[in-house]
Amino acid sequence: MTAPHTIEAEYDLIFAGGGTAACLTAGRLATAFPALSILVLESGPTTKDKKEHIQAGQYITHLAPTSKTMQFTIAKPSEHLAGRSAIVPSGHCVGGGSSVNFMLYNRPAASDFDAWETDFGNAGWSSKDLIPLLQKAETYEIDPKKSTHGSDGPLKVSFGSEVSQLGKEFVEIGAKFEKNRPESDEGNALDVESINKFFIMPKWISKDGRRSDIPHHYIYNNTSEKLSVFDGTLVNRVIVEDGVAVGVEYQFDNRVHESAPQDIRVVKARKLVVVAAGAMGSPLILERSGLGGKDVLEKAGVAVVAEIPGVGENYQDHAFLCTPYIADPEIKTLNPLWRGDPATWGQALTEWEDGGAGLLGSNYIDGVIKMRPHPEELPELGPDFLEIWNSTLANNADKPLFWLCAAAAMLGDLSTLPNLNFMCSAAFLGYPASRGRLHISASDPLAAPDFEPGFLSNPADVAALRWAYKKGRELNRRLPSFRGVFFAGHPQFPEGSAAAVDETAPVSLDAPKIVFSAEDDKAIDAYLRQVVATTWHSVGTCAMKPFDKGGVVDSKLNVYGVKKLKVVDLSIAPSNVNSNTYSAAIAIGEKAAVIIAEELGGSV
């Protein structure tokens, strides 16, 4: 059998993982240091020039159960999810999440980054340090002159090919219906002015309908002859000798290269090893390397090299709720495209090839709001919610409780649903109180991990999402395109409940709100435990905080107790950010490039 790649015996830098942050950091360093040999090993397939990673409207295809561009991690059954096992996908391809995500341009609050510095002692990680790096990465095509955005970065930001009718309705009607929540042309200014405003969502999509991923903008177009990015190459562990990372052990992944030899191989690093396999991968590589909690390692049969109890702990995600409604059959949605309708596909391809127009040029998630309760609304959320309010929101006016949108598509599997035109109300919590954990179960890199995401384990999260359901219900039933509740995807309300009344047309703006009873609230809570899922925003499992506080890396991204070893990905986030985490991954990747460049005696 012939090896799919020729990998040299030694490189200056080795990246174990080729996701968003890894590719960004490697690309920046390759440009700044042309003589530096850099190796990026990614277990998933390449994405180069593949339409499913370029055409924006194809994003949902990566969530298919047969997808080879996602890694699906199955959790233990949870009593908090009505006995379900949560399934958490993560990017499994060159570029990681940037190549498969929903492309929502949703930036964190400034206070999110500030907390990384002030609460966890990470000098150089405040908003004043990271916002310029976000600007460096982007070209804000909507208005390049806006001071909070970038104007000449490699990643393009626009509204995509077009803004959906449903998105426009959500912004217009929402601003009229919701008290003190007006319409705005900016929801990503990283400040309090972005909160409780209805706005049209920008996307990590160029105005000619192309995904703004990392590999097509930092890697595939990089002219460095010393940068090697290899797909289908699975890193088993980091080799540590006398407390120094000297290389990695790897094998070719036959899920990508079916006929590749399966022997274990070694490649050495002269200067640095960077573990960059994401929040779902990096802690597992560290633990297989003997870096982790003693009990976890011994149970898995791995010798302890350095005891770091925080590895795999502190798992966080954004609990996600997606509720379907029936839309006017005449409005434009992505449903027929995702159902594979030949006529729709033919027209969409023709339009996209003509400047990126049409269904394939956007994600059709347009009308959104970053919502937080006004003080007078707090009683609506109940006493369980106070933990989130008091710990996170009360003293940070730039932090929303959740992100809420109207999507002109069914954000899920259409194959078992009737042939209706669906729209969705989707929400995710910005700062869930629940926490989880992710650990190896064996030394085998293909063994299923021991995973407990912790979704809804804290009642505060249930209270917050209960309110999100009610807010979404009231807004959607007032949209001109609303044609009914798809009750199969909603709580099973008691017979006679006002919430169980079917509606086949929108109600007026001033129509009475649905009065939810205590029994209705119980039905909503039961429903949440049956349907709430991941937002594919896993963070925190190799946290950047003090060792004695459960930290895994320091503020220079160095793994505690091991020299020449860093972690660079979303696993280092010590606390959550209210954003689609692509923005945070970009900030981490750009910051890592700055840190490593300085250590190499240069700059990027």
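Data for the structure
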quantity: The listed residue being outside any strand (DSSP E or B), hydrophobic (A, V, I, L, M, F, W, C) and either more than 23 Å from A319 (Cβ to Cβ) or touching a strand residue (DSSP E or B) at 6+ places or on another chain (Cβ under 8 Å) (or both), out of A464, A499, A427; calculated: A464
quantity: Unique residue being in a loop (DSSP other than H, G, I, E, B), at pLDDT 95 or above and farther than 19 Å from S579 by Cα when the list is A447, A488, A433; calculated: A447
quantity: Test result for P418, assigned to a loop (DSSP other than H, G, I, E, B), outside the structural domain of A82 (by TED's automatic domain parsing), buried (at least 18 other Cβ atoms within 10 Å of the Cβ) and at pLDDT 95 or above; calculated: no
quantity: Only listed residue being assigned by TED's automatic domain parsing to the domain that holds L414, touching a residue at least 40 places away in the same chain (Cβ under 8 Å) and in a loop (DSSP other than H, G, I, E, B), chosen from P324, P309, P329; calculated: P329
quantity: Candidate set: the stretch 285-305, residues that are over 26 Å from F72 (Cβ atoms) and buried (at least 18 other Cβ atoms within 10 Å of the Cβ); chosen: the one nearest to the chain's Cα centre (by Cα); calculated: G290
quantity: Condition check for F159: at pLDDT 95 or above and over 18 Å from the mean Cα position of the chain (by Cα); calculated: yes
quantity: Residues of the stretch 533-559 that turn out to be buried (at least 23 other Cβ atoms within 10 Å of the Cβ) and either among the β-branched types (V, I, T) or not in a strand (DSSP E or B) (or both), as a count; calculated: 14
quantity: Which listed residue is touching a helix residue (DSSP H, G or I) at 6+ places or on another chain (Cβ under 6 Å), aliphatic (A, V, I, L, M) and either over 30 Å from N236 (Cβ atoms) or in the same structural domain as L291 (by TED's automatic domain parsing) (or both), from A426, A463, A468, A518; calculated: A463
quantity: Every residue from the stretch 45-91 that is part of a loop (DSSP other than H, G, I, E, B), among the hydrophobic types (A, V, I, L, M, F, W, C), modelled with pLDDT of 95 or more and over 30 Å from N222 (Cα atoms); calculated: A82
quantity: Index of the failed condition, F159 passing every other in (1) surrounded by 22 or more Cβ atoms within 10 Å (Cβ to Cβ); (2) of a type in the set (F, W, Y); (3) over 24 Å from M544 (Cβ atoms); calculated: (1)
quantity: Selection count, the stretch 575-601, where residues are of a type outside the set (A, V, I, L, M, F, W, C) and under 12 Å from R28 (Cα atoms); calculated: 3
quantity: Check on V240, assigned by TED's automatic domain parsing to the domain that holds I14, surrounded by 20 or more Cβ atoms within 10 Å (Cβ to Cβ) and more than 22 Å from T73 (Cα to Cα); calculated: yes
quantity: Residues satisfying the stated conditions in the stretch 271-284, i.e. crowded, with 24+ Cβ neighbours inside 10 Å, more than 16 Å from the chain's Cα centre (by Cα) and over 14 Å from V40 (Cβ atoms); calculated: P283, L284
quantity: Complete set of residues in the stretch 490-548 that are among the hydroxyl-bearing types (S, T, Y) and closer than 28 Å to D450 by Cβ; calculated: T534, T535, S538, T541
quantity: Qualifying residue in the stretch 196-207 (condition: crowded, with 23+ Cβ neighbours inside 10 Å, closer than 19 Å to L565 by Cα and touching a helix residue (DSSP H, G or I) at 6+ places or on another chain (Cβ under 7 Å)); calculated: no
quantity: Subset of the stretch 92-105 [in a loop (DSSP other than H, G, I, E, B) and either at positive phi or buried (at least 24 other Cβ atoms within 10 Å of the Cβ) (or both)]; calculated: H92, C93, V94, G95, V100, M103, Y105
quantity: Single match in V562, V568, V501, V604 (criterion: among the aliphatic types (A, V, I, L, M) and modelled with pLDDT under 95); calculated: V501
quantity: L360 assigned to a helix (DSSP H, G or I) and either touching a strand residue (DSSP E or B) at 6+ places or on another chain (Cβ under 9 Å) or more than 24 Å from P491 (Cα to Cα) (or both); calculated: yes
quantity: Residue count for the stretch 352-386, restricted to those that are closer than 20 Å to R210 by Cβ and without any contact (Cβ under 8 Å) to a residue 40 or more places away in the chain; calculated: 2
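So that you can scan it fast, the table gives a plain yes or no per residue for (1) part of a helix (DSSP H, G or I); (2) aromatic (F, W, Y); (3) modelled with pLDDT of 95 or more:
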site: W345; (1), (2), (3): yes, yes, yes
site: A348; (1), (2), (3): yes, no, yes
site: W352; (1), (2), (3): yes, yes, yes
site: D366; (1), (2), (3): no, no, yes
site: P373; (1), (2), (3): no, no, yes
site: L378; (1), (2), (3): yes, no, yes
site: D384; (1), (2), (3): yes, no, no
site: W389; (1), (2), (3): yes, yes, no
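The values are calculated or read from the model by the stated rules, or taken from the named source; none is laboratory data. These numbers were taken from a predicted model, which means no experiment stands behind them. Reconstructed Cβ throughout: ideal geometry from the backbone, glycine too, with neighbour counts over all protein chains shown.
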